[in-house]
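Read through the structure below, which is laid out as structure tokens, and then see the notes.
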Amino acid sequence: MTIHIPFDNSYAALPDAFYTRQAPTPVKTPSMIAWNGALAAELGITGESAEVFAGNAVPEGADPLAQLYAGHQFGSYNPQLGDGRAILLGEVIDTTGQRRDIQLKGSGPTPYSRMGDGRAWLGPVLREYVVSEAMHALGIPTTRALAAVGTGQPVYREQGGLPGAVLTRVASSHLRVGTFQIFAHRGEIDALRTLTDYAIARHYPDADGPMGLLSAVCAAQSELVAAWMSVGFIHGVMNTDNCTISGETIDYGPCAFMDAYDEARVFSSIDQTGRYAYGNQPRIAVWNMAQLATSLIQLYDDKEAAVEEATAIVHAMPAQLQAAWLRRFGAKIGLSDAVPEDQFLIEELLTLMQTDGADFTNSFATLGTDTARDQFTDRAAFDAWDQKWRGRVGPNAASIMVRANPQIIPRNHRIEAMIEAAVAGDMVPFERLMQALAAPFDVPAAFEDLRRPPTKAEIVPATFCGT
Ligand code: AMP
Ligand code: MG
């Protein structure tokens, strides 16, 4: 084991009620599949070790534990979830002075595994690796991927036996709305207060008390969801246990970037009612913040006053989201100073895209060029919009759009093909995707094929939750 991780653990110093100490379960034959050397350097990690990131060796300074949390899943409260297949090794202070969690995912059972096996298979591990790193390259807050390690053991899912893998995930913390909910619902007010103080100190040191924390998280989640919308991202499972306090995207399960624009697009096969559809995400983010508010109110003696304050904060969120959305989509059509009236111009384009099933990414990426028009079947309608648009934007529009409209996103059919190849032992599609997605706003000719939307036969209708 030739690795050094400069651990500096704080969560393990919190009361026992917050977690269970749990070592990862060793696997048969650890093999390094993907290693993020640049991120390792940022974290102050030297060396590399498949054994450590498979859970076969606990590195010096680690204090492995499974975190406790609860959460609303598809709107119903589950009083206990917790890390059922994840283990926090510990934290480091990165080269910029930021505290970061290092967590193994798929590292064996924990006391919170319920019916699960505590494992993950290679497909979802590589999906999360690629999509989270793509998200980071797009400039959107997210957990990161440090390593993907093969276990040499099969994992059994609906599809049968699949190659097992462990992902090492890095997060500015794994505090979720559900971490607050569990203590609030149990009436463990001291633990809730300790957690709140910890979250404020770690993420929002300027926040004034629980309501200050609530405001800060509402602002962070507004920015996050507006950013998702601007790249056509559908999280898929926006349960409160998958909603971070930091405002980072977390838990890439049945997520996807959409190809053809569709407000109602759903990718998750378990989301029967479309609760987490693309266009519903802003509403769900507000709903999730209402759950955080409900938990934080428990900290106040004067409940009536606390409810009033929390309600005002949550009710302000739709306007915050709308402002963030307008700034993001304004930039996508070349406006650095979008005003509320511009919303109509943006929505008119989105309506055309919806009706024509135009490719979301490529339509924006080619605006102002002849190819944009090719995305639309109703050319006359597009031309009418185009004229209006040209009348609104200034000479710097192109330079604004270049930074707001990615040329390349991790398209679902490419991810599926990449997984299929990886299972067969071919990592070339993975390497190629990673290389292209590292610079999504600028695509060399060699990656031109990755911009192409799926053909009818290539469309991936749903992403299954068998993770
Ligand atoms: P997720 O849908 O990935 O956010 O997971 C929801 C809950 O199920 C979390 O508590 C996970 O730890 C748990 N979970 C998911 N998959 C497994 C598994 N294979 N084994 C044990 N627990 C799991
Ligand atoms: Mg989760």
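The values are calculated or read from the model by the stated rules, or taken from the named source; none is laboratory data. Please read these numbers as outputs of a predicted model, since none were measured by experiment. All Cβ positions, glycine included, derive from the backbone under ideal geometry; neighbour counts span all protein chains shown. For accessibility, only protein heavy atoms count, side chains too; no ligands or nucleic acids. Shrake-Rupley method; radii C 1.70, N 1.55, O 1.52, S 1.80 Å.
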Test Ala338 against the criterion of being among the aliphatic types (A, V, I, L, M) and closer than 25 Å to Thr361 by Cα, and give yes or no.
-> yes
Of the residues that make up the range 374-388, is at least one aliphatic (A, V, I, L, M), in contact (Cβ under 8 Å) with a residue 40 or more places away in the chain and in contact with a helix residue (DSSP H, G or I) (Cβ under 8 Å, 6 or more places away or on another chain)?
-> no
Across (1) open to solvent by 70 Å² or more (accessible area, probe 1.4 Å); (2) over 27 Å from the mean Cα position of the chain (by Cα), Gln298 clears everything bar (1)
Hey, among the residues in the range 206-259 that are of a type in the set (D, E, K, R) and away from ligand 1 (no atom under 16 Å from the Cβ), which one's farthest from Glu133 (Cα to Cα)?
-> Asp208
Only one of these conditions is not met by Ala66: (1) part of a helix (DSSP H, G or I); (2) within 16 Å of ligand 1 (Cβ to nearest atom); (3) of a type outside the set (S, T, N, Q). Which number is it?
-> (1)
Can you work out which of the residues in the range 246-264 that are open to solvent by less than 20 Å² (accessible area, probe 1.4 Å) and assigned to a loop (DSSP other than H, G, I, E, B) is farthest from Gln98 (Cα to Cα)?
-> Tyr261
Residues satisfying the stated conditions in the range 71-80, i.e. under 19 Å from the mean Cα position of the chain (by Cα) and on the phi < 0 side of the Ramachandran plot | His72, Gln73
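Among Pro141, Pro154, which is the only one that is at pLDDT 95 or above, touching a helix residue (DSSP H, G or I) at 6+ places or on another chain (Cβ under 9 Å) and more than 16 Å from ligand 2 (Cβ to nearest atom)?
It is Pro141.
Could you check the range 104-124 and list, in sequence order, the residues that are more than 7 Å from ligand 1 (Cβ to nearest atom), outside any strand (DSSP E or B) and under 22 Å from the mean Cα position of the chain (by Cα)?
Passing the criteria: Gly106, Leu122, Gly123, Pro124.
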With respect to the numbered conditions (1) open to solvent by 20 Å² or more (accessible area, probe 1.4 Å); (2) within 13 Å of the chain's Cα centre (by Cα), which one is the sole condition not fulfilled by Asp190?
-> (2)
State which residue is surrounded by the fewest Cβ atoms within 10 Å (Cβ to Cβ) when the search covers only the range 225-245 and only residues that are assigned to a helix (DSSP H, G or I) and more than 16 Å from ligand 2 (Cβ to nearest atom).
-> Met229
Cross-chain or 6+ apart pairs with Cβ under 7 Å, the range 113-128 first and of a type in the set (Gly, Ala, Ser), then within 15 Å of ligand 2 (Cβ to nearest atom) and at pLDDT below 95 = Ala120/Thr467
Is there a residue being open to solvent by 20 Å² or more (accessible area, probe 1.4 Å), in a strand (DSSP E or B) and not assigned by TED's automatic domain parsing to the domain that holds Thr244 anywhere in the range 167-183?
-> no
Could you check how many residues of the range 69-87 are assigned to a loop (DSSP other than H, G, I, E, B) and either open to solvent by 40 Å² or more (accessible area, probe 1.4 Å) or within 13 Å of ligand 2 (Cβ to nearest atom) (or both)?
-> 10
Working only within the range 427-446, note down all residues that are open to solvent by less than 90 Å² (accessible area, probe 1.4 Å) and modelled with pLDDT of 95 or more.
-> Met427, Pro429, Phe430, Arg432, Leu433, Met434, Ala436, Leu437, Ala438, Ala439, Pro440, Phe441
Can you find even one residue in the range 91-103 that is more than 16 Å from ligand 1 (Cβ to nearest atom), over 22 Å from the mean Cα position of the chain (by Cα), modelled with pLDDT of 95 or more and among the acidic types (Asp, Glu)?
-> no
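Residues are listed down the side, and each one gets a yes or a no for (1) touching a residue at least 60 places away in the same chain (Cβ under 8 Å); (2) assigned to a helix (DSSP H, G or I); (3) open to solvent by 10 Å² or more (accessible area, probe 1.4 Å):
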| site | (1), (2), (3) |
| --- | --- |
| Ala207 | no, no, yes |
| Leu213 | yes, yes, no |
| Cys218 | yes, yes, no |
| Glu223 | yes, yes, yes |
Taking the range 88-118 only, how many residues are among the aliphatic types (A, V, I, L, M), under 26 Å from Leu162 (Cβ atoms) and open to solvent by 60 Å² or more (accessible area, probe 1.4 Å)?
-> 1
Quick one: Phe329 ticks every box in (1) surrounded by fewer than 18 Cβ atoms within 10 Å (Cβ to Cβ); (2) under 22 Å from Leu224 (Cβ atoms); (3) touching a residue at least 24 places away in the same chain (Cβ under 8 Å); (4) not polar (S, T, N, Q) except a single one, so which number is it?
-> (1)
